[in-house]
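Input: a single structure, listed below in structure tokens.
The values are calculated or read from the model by the stated rules, or taken from the named source; none is laboratory data. On a predicted model such as this, the values are computed, not experimentally measured, just so you know. Positions of Cβ are generated from backbone atoms using ideal geometry, with glycine treated the same way; all protein chains shown enter the neighbour counts. Note: areas computed on protein heavy atoms with side chains; ligands, DNA, RNA excluded. Shrake-Rupley method; radii C 1.70, N 1.55, O 1.52, S 1.80 Å.
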Amino acid sequence: MSASRGAEISPDRIADVVTSLAAEELAIQDGFLTPAASRELVSCIRERGELAPARVGGPGAARRSTEIRGDSVCWIEAPLLAAEERLLARLEELRLALNRTLQLGLFDLELHYACYPAGAGYARHVDQPRGRERRCVSLVVYLNETWACGAGGELRIAEPSGGHRDIEPIAGRLVCFMSAGREHEVLPARRERLSISGWYSTRA
């Protein structure tokens, strides 16, 4: 498949995500990106250069705490690379489909690359803390090729009824969930773990 077609997503896959999110407030879609698209986005990380250590805490109180969060990040902002433009175009299709079907009023999309070195994780948290109530739908796209069972790095999502669900960070997989009150964490991995994470937000 040529680079220009690397990030194509079928309408059926978008419909499946919307249906699952409506029914369970959680959607997992394997093959949301092709292997070629995943590799292109990994190349974008390298091209953008050094990632910044992620911080925790609100505005004016942000700090680095590897005990809570050990990843480094790079926001996906203009000027965009070609593979990023294709990804954002597909995620725009998903935003419009979510608004048509679920009437969520989604308006903005924030996205960043996240790189977890071996042994790093992200403690249990929510994506809609105080001051960030506009965040409505959280999403993650994984970029890890040949991820082996037992390598760790799972996204652990708390279930509303108790317990949790562990989701492996396999390349091309998309995970979406409703942000409000949904606790989740990233378990430490035995190798570098790459993803794109972000939120669809409503208007202020």
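Tell me which residues, restricted to segment 158-171, are part of a strand (DSSP E or B) and open to solvent by 10 Å² or more (accessible area, probe 1.4 Å). Quick ask: steps written out before the conclusion?
So in segment 158-171, the residues part of a strand (DSSP E or B) come out as 158, 164-167.
Selection gives A158, H164, R165, D166.
Taken together, R48, R55 contain a single residue that is at pLDDT below 95, among the charged types (D, E, K, R), surrounded by fewer than 18 Cβ atoms within 10 Å (Cβ to Cβ) and within 13 Å of I196 (Cβ to Cβ), which is R48. Test A22 against the criterion of being open to solvent by less than 80 Å² (accessible area, probe 1.4 Å), at pLDDT 95 or above and more than 18 Å from the chain's Cα centre (by Cα), and give yes or no. Against the criterion (open to solvent by less than 80 Å² (accessible area, probe 1.4 Å), at pLDDT 95 or above and more than 18 Å from the chain's Cα centre (by Cα)), A22 qualifies.
If you go through segment 180-204 and keep only what is in a loop (DSSP other than H, G, I, E, B) and open to solvent by less than 20 Å² (accessible area, probe 1.4 Å), you end up with just R182.
Scanning segment 89-131 for residues that are at pLDDT 95 or above, part of a loop (DSSP other than H, G, I, E, B) and open to solvent by less than 60 Å² (accessible area, probe 1.4 Å) turns up L104, G105, G119, A120, G121.
Run down L174, L155 and say which single residue is open to solvent by less than 10 Å² (accessible area, probe 1.4 Å), within 20 Å of E67 (Cα to Cα) and under 12 Å from the mean Cα position of the chain (by Cα). If you could, list the steps in order and put the result at the bottom.
Numbers: L174 fails: within 20 Å of E67 (Cα to Cα).
That would be L155, the only listed residue that is open to solvent by less than 10 Å² (accessible area, probe 1.4 Å), within 20 Å of E67 (Cα to Cα) and under 12 Å from the mean Cα position of the chain (by Cα).
Given the structure, is A82 over 18 Å from W199 (Cβ atoms) and touching a residue at least 24 places away in the same chain (Cβ under 8 Å)? It is true that A82 is over 18 Å from W199 (Cβ atoms) and touching a residue at least 24 places away in the same chain (Cβ under 8 Å).
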